[in-house]
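Peer 1: Sharing a structure here in structure tokens format.
The values are calculated or read from the model by the stated rules, or taken from the named source; none is laboratory data. Source: prediction; values computed, not measured. Cβ placement follows ideal geometry from the backbone for every residue including glycine, while neighbour counts extend to all protein chains displayed.
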């Protein structure tokens, strides 16, 4: 595969994209001008892609031949397999080479005035009234059904394949886990794989999407963001929404860590709920300005590190920014923020994953707390990326255990369970019967009364 | 990583699994005895795993160093990255080495009497009455809501990571595509990643799962099976269920191909619907016997090849078996089978994917047929496996196009669209507004009246 092939491939992809897209947008919605990357860097990039393609192809040949120097004859099947792997590697390289909103090679938009506050969109000021009117006019789209508020779960992942090949597999298992929980509890899911705003990519991408969903789904009462690395581990537990009748943001955290220690991990934005209302739109608007990538996010990161306890030095992340916002504008916001820790709306995985067997022995689903965690959140594992904070093996095996721990609760209705928390294989947990409906009455979670949270001291 | 490491790893995984699982089942539900694999083959298998691990590690080193012989010094980041990739490869090899129900190295169960008909479970004979009674007793779980039958979409994929790294990424996109359609149309999803019956693995795995779901979800009126390589490409179109008031199986196909030509592709089991009733349970029971892997499936394959036009020689697949069953027991079954081709309940991808731009220019969603296909089905692409029937590049790019073609219809409500059918990136298709609800009224698909199918000559 020579250099020319690489160029032809690049050209073919670009042509196809251009042909498909028509003309690329030349202006951004805000009125800024889009600049193409410098030519010299384009050529360098193409050369790098070609080099990587050649290397991947060479390496593939080595692997398929077993050991270097032995057996250079190939069977037809070997040739086919080799071709497939080469093709895939080449396509992967092409896909990854497509410039990314988070690509740090792109120059930050220096037209963006550091003094100008970034906004998620035009200011909306009367959302509560508008929404209420719309609901009245559209009785077929109520926001409460049988006394239960309509909830939409928002989650997602980047549009491109993961850097780590196992990452997409765990994203798949994670979304299956969410599909199961939401089917049982009548919650809608939106799985976002698009960057609505290239300024707010990465962990900030949830903000424009939450706003967009609120405004596009007036029938939804609560938007629930959940990270892709968070898994449901209590399939029975339901969020006690009536607990939050007077609140608009529900987030897991600890008040003393927040107000006394000003810790950067006082709250966790891996799983939180926003009521669909004006207050939430306002909070999102106040939250977003630290997000735009480049100098703004860098500078904001320094402010956050300086002000929040334990925070390492890195660009502004959404969690630190929210904590800082709520601390510095406490009187404005905190009245409507419920800092929840009676159950694991977010449960940090390290202290939980080794106890699943003990939990299965002593307790039962529906508790949602440390006895049977509602959500196990694999903070720092980053299966989709290349650089995790924890050992890969520990992370992947723990995620497998959490997934199977949850899956057992789903499979129970069907009479099956995993052979072990590390095993993808299942076994029957009861015999087949000619009276299947008695098990439906006993084991269908939808027919179980949710447990109430007991007041804790 | 020496041989000893590989052995230790194998041992550690096995110990962990055993500890987690307790005692492995020693009997199968049917009363047969489980035999462990021969010791010699176990050692050989372990040795092969170790060899592959060493090779993967070596190859990884080569790739990371760029070219052989240059720059053997490494930075800390290189070392960390290298470790992560090595770990992942090792874990992947471990996961894949775990014996698979479809593992052809396992001897077929010779206890299974070739004359004894395989069954999916104990015979259920009065499901219609039982189900009707249950529905009467459980008015909170109706099978029709506002005149609309409750539908459950069943799909899935094998429990292990794909052989081809890109495969899991496309499975993820495929399930997102299904989540979108089902959210818009109020359909429940079950994503199956378990083999309920190790005899019926592979494409046969859907049969026991369909049966299990019927019996466990009496409130569901229709179970809709859809392959993981089939994508929704018309987000507006709805299956006209009232068309099938007198039928129990709806499947895409062509009567002349079926009855006149007895073609093995006369029907397509990539997307079909079963009514939740006794008739369906009976059909599943009649369908299953060709499925058990090993000699039964092999022999059945020969019968199917001999009797169905154009069928290549391979083991019995579910589609050929169903066609054969319906042909040979026509009077028993066909009265309740609706062979549908007025819209693309299954749309073979090759003739469709190049026309999406033309469709966008001339037509609109909601038609479901060749003008705007309901479902585009990537038969033969097999992104999860190693051996596809079509060129990898053609397949992956076509799937990307189909995905984005569908995603555009979902994003329209939010004011976005893909830059091109090959691009994961999106752009605004209308300006932001302070009156978002007018777009909700115009663009929310749920508020669009489904088009009726016009009678065709």
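Peer 1: Of everything in the range A:313-340, what is surrounded by fewer than 15 Cβ atoms within 10 Å (Cβ to Cβ) and within 22 Å of residue A:251 (Cα to Cα)? Give them in sequence order. Before the answer, list the steps.
Peer 2: Here is the first cut: in the range A:313-340, the residues surrounded by fewer than 15 Cβ atoms within 10 Å (Cβ to Cβ) are A:313-314, A:328-332, A:335.
Scanning the range A:313-340 gives A:328, A:329, A:330, A:331, A:332, A:335.
Peer 1: Just checking, which of A:228, A:216, A:263 is surrounded by fewer than 23 Cβ atoms within 10 Å (Cβ to Cβ), without any contact (Cβ under 8 Å) to a residue 24 or more places away in the chain and touching a helix residue (DSSP H, G or I) at 6+ places or on another chain (Cβ under 8 Å)?
Peer 2: On the way: A:228 fails: without any contact (Cβ under 8 Å) to a residue 24 or more places away in the chain; A:263 fails: without any contact (Cβ under 8 Å) to a residue 24 or more places away in the chain.
Every option except A:216 fails the conditions.
Peer 1: Residue A:348 fails exactly one of the following numbered conditions: (1) crowded, with 20+ Cβ neighbours inside 10 Å; (2) in contact with a strand residue (DSSP E or B) (Cβ under 7 Å, 6 or more places away or on another chain). What is the number of that condition?
Peer 2: Failed condition: (1).
Peer 1: Take residue A:328 and tell me if it is under 16 Å from residue A:207 (Cβ atoms) and at pLDDT 95 or above.
Peer 2: So residue A:328 does not fit the description; no.
Peer 1: If I filter the range A:401-417 down to residues being facing chain B (nearest Cβ under 8 Å) and within 27 Å of the chain's Cα centre (by Cα), which single residue comes out as farthest from residue B:217 (Cα to Cα)? Lay out the reasoning, then the answer.
Peer 2: Going residue by residue through the range A:401-417, those that are facing chain B (nearest Cβ under 8 Å) are A:401, A:407, A:411, A:413-416.
After this cut, where a residue has to be within 27 Å of the chain's Cα centre (by Cα) as well, the list is A:401, A:407, A:411.
Details: A:401: 27, A:407: 17, A:411: 13 Å.
Here the residue is A:401.
Peer 1: Can I ask one more? All but one of (1) surrounded by 18 or more Cβ atoms within 10 Å (Cβ to Cβ); (2) under 28 Å from the mean Cα position of the chain (by Cα); (3) within 14 Å of chain B (Cβ to nearest Cβ) hold for residue A:391, so report the exception by its number.
Peer 2: Going through the list (1) surrounded by 18 or more Cβ atoms within 10 Å (Cβ to Cβ); (2) under 28 Å from the mean Cα position of the chain (by Cα); (3) within 14 Å of chain B (Cβ to nearest Cβ), residue A:391 breaks only (1).
Okay, residues lined up against (1) under 30 Å from residue B:202 (Cβ atoms); (2) modelled with pLDDT of 95 or more; (3) out of contact with any strand residue (DSSP E or B) (no Cβ under 6 Å at 6 or more places or on another chain):
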| residue | (1), (2), (3) |
| --- | --- |
| A:363 | no, yes, yes |
| A:370 | no, yes, yes |
| A:380 | no, no, yes |
| A:407 | yes, yes, yes |
| A:417 | yes, yes, yes |
| A:425 | yes, no, yes |
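Peer 1: Give the residue, chosen from B:187, B:145, B:179, that is more than 9 Å from every other protein chain (Cβ to nearest Cβ) and in contact with a strand residue (DSSP E or B) (Cβ under 6 Å, 6 or more places away or on another chain).
Peer 2: Details: B:145 fails: in contact with a strand residue (DSSP E or B) (Cβ under 6 Å, 6 or more places away or on another chain); B:179 fails: more than 9 Å from every other protein chain (Cβ to nearest Cβ).
Unique residue meeting the criteria: B:187.
Peer 1: Keeping to the range A:378-388, report how many residues are surrounded by 15 or more Cβ atoms within 10 Å (Cβ to Cβ), at negative phi and within 11 Å of chain B (Cβ to nearest Cβ).
Peer 2: Within the range A:378-388, the subset surrounded by 15 or more Cβ atoms within 10 Å (Cβ to Cβ) is A:378-379, A:381-384, A:386, A:388.
Retained after the next criterion (residues that are at negative phi): A:378-379, A:381, A:383-384, A:386, A:388.
From what's left, within 11 Å of chain B (Cβ to nearest Cβ): A:383-384, A:386, A:388.
Looking only at that region, the number is 4.
Peer 1: Please pick out the residue among A:210, A:251, A:223 that is under 24 Å from residue A:320 (Cβ atoms), assigned to a helix (DSSP H, G or I) and more than 10 Å from chain B (Cβ to nearest Cβ).
Peer 2: The unique qualifying residue is A:210.
Peer 1: Between a residue in the range A:121-136 that is surrounded by fewer than 13 Cβ atoms within 10 Å (Cβ to Cβ) and any residue that is in a helix (DSSP H, G or I), which pairs come within a Cβ distance under 8 Å, given they are 6 or more apart or on different chains?
Peer 2: So the pair list comes out as A:123/A:285; A:125/A:278; A:126/A:278.
Peer 1: For the range A:158-176, give me the residue count where each residue is in contact with a strand residue (DSSP E or B) (Cβ under 9 Å, 6 or more places away or on another chain), under 23 Å from residue A:234 (Cα atoms) and at the interface with chain B (Cβ under 9 Å from one of its Cβ atoms). Lay out the reasoning, then the answer.
Peer 2: Keep residues of the range A:158-176 that are in contact with a strand residue (DSSP E or B) (Cβ under 9 Å, 6 or more places away or on another chain), which gives A:159, A:172-176.
Those left that are additionally under 23 Å from residue A:234 (Cα atoms): A:172-176.
Narrowing further to those that are at the interface with chain B (Cβ under 9 Å from one of its Cβ atoms): A:172-173, A:175-176.
Residues in the range A:158-176 being in contact with a strand residue (DSSP E or B) (Cβ under 9 Å, 6 or more places away or on another chain), under 23 Å from residue A:234 (Cα atoms) and at the interface with chain B (Cβ under 9 Å from one of its Cβ atoms): 4 in total.
Peer 1: Please go through (1) surrounded by fewer than 22 Cβ atoms within 10 Å (Cβ to Cβ); (2) touching a strand residue (DSSP E or B) at 6+ places or on another chain (Cβ under 7 Å); (3) closer than 30 Å to residue B:128 by Cα for residue B:285 and return the number of the only condition it doesn't satisfy.
Peer 2: (2)
Peer 1: Still on this structure, I have one more. Name the residues in the range A:403-421 that are in contact with a helix residue (DSSP H, G or I) (Cβ under 6 Å, 6 or more places away or on another chain) and within 19 Å of residue A:348 (Cα to Cα), would you?
Peer 2: So the first thing to find is which residues in the range A:403-421 are in contact with a helix residue (DSSP H, G or I) (Cβ under 6 Å, 6 or more places away or on another chain), and the list is A:403, A:405-406, A:410, A:412-414, A:417-421.
Once the filter is applied, which keeps residues that are in contact with a helix residue (DSSP H, G or I) (Cβ under 6 Å, 6 or more places away or on another chain) and within 19 Å of residue A:348 (Cα to Cα), the range A:403-421 yields A:403, A:405, A:406, A:421.
Peer 1: Take the conditions within 13 Å of chain A (Cβ to nearest Cβ), closer than 30 Å to residue B:165 by Cα, within 24 Å of the chain's Cα centre (by Cα) and at pLDDT below 95 and apply them to residue B:398. Does it pass? Write out each step before concluding.
Peer 2: Values: within 13 Å of chain A (Cβ to nearest Cβ): yes; closer than 30 Å to residue B:165 by Cα: yes; within 24 Å of the chain's Cα centre (by Cα): yes; at pLDDT below 95: no.
Spelling it out, it is not the case that residue B:398 is within 13 Å of chain A (Cβ to nearest Cβ), closer than 30 Å to residue B:165 by Cα, within 24 Å of the chain's Cα centre (by Cα) and at pLDDT below 95.
Peer 1: May I pose another question? Checking residue B:141 against (1) out of contact with any helix residue (DSSP H, G or I) (no Cβ under 7 Å at 6 or more places or on another chain); (2) closer than 19 Å to residue A:178 by Cβ, which single condition isn't satisfied?
Peer 2: It is condition (2) that residue B:141 fails.
Peer 1: Among residues belonging to the range B:117-129 that are within 23 Å of residue B:197 (Cβ to Cβ) and within 12 Å of chain A (Cβ to nearest Cβ), point out the one that is modelled with the lowest pLDDT.
Peer 2: To start, the set of residues in the range B:117-129 that are within 23 Å of residue B:197 (Cβ to Cβ) comprises B:117-125, B:127.
Pick out the ones that are also within 12 Å of chain A (Cβ to nearest Cβ) and you get B:119-125, B:127.
Numbers: B:119: 87, B:120: 91, B:121: 91, B:122: 92, B:123: 91, B:124: 94, B:125: 92, B:127: 97.
Of everything passing the filter in the range B:117-129, B:119 is modelled with the lowest pLDDT.
Peer 1: Still on this structure, I have one more. Name the residues in the range A:418-452 that are at the interface with chain B (Cβ under 7 Å from one of its Cβ atoms) and under 18 Å from residue A:364 (Cβ atoms), would you?
Peer 2: Within the range A:418-452, just A:421 meets the criteria.
Peer 1: Select from the range A:177-206 the residues that are without any contact (Cβ under 8 Å) to a residue 40 or more places away in the chain and in a helix (DSSP H, G or I) and write down the one among them that is surrounded by the fewest Cβ atoms within 10 Å (Cβ to Cβ).
Peer 2: If we take residues in the range A:177-206 being without any contact (Cβ under 8 Å) to a residue 40 or more places away in the chain and in a helix (DSSP H, G or I), then A:183 is surrounded by the fewest Cβ atoms within 10 Å (Cβ to Cβ).
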